[in-house]
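Scroll down for the structure; my scribbles are underneath it.
Only the coordinates and a few stated rules stand behind these numbers; no lab work does. Worth saying up front: this structure is predicted, and the values here are computed from it rather than measured.
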């Protein structure tokens, strides 16, 4: 991830509603949420307002949409979110922090999809 991509991603989540949406979609994982479900969770936000924020997040590459019947389902793009975290942590401790390196490696493997096996603690 380059600086321009990081700025676009951070700018997209530097707004209260969009940050709430991202956190909501991270929590739901691969299943995602419909735009209507997102609006309800945002205390009944209007469809237009919700659509505007979803479009901003999708343009930044942080979420993706898919059609299921008449609904549009939105999901977090976990690799893009992990790239933002890695961008911040990349040079931690002069690039010699085993804990940051491990965290970056774990984030890089996160897809938001179930793996079917328990992850070691």
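A few notes on this one:
- Given [x] 10.3; [y] 8.7; [z] 12.3, the label whose value is mean projected area of the Cα convex hull in nm² derived from this model: [y]
- Here the relative contact order of the chain, from alpha carbon pairs under 8 Å that lie six or more residues apart, stands at 27 percent.
- Expected 222 nm ellipticity per residue - DSSP helices of 4 or more, -39500 (n - 2.57), all of the chain, to 500: -17000 deg cm²/dmol
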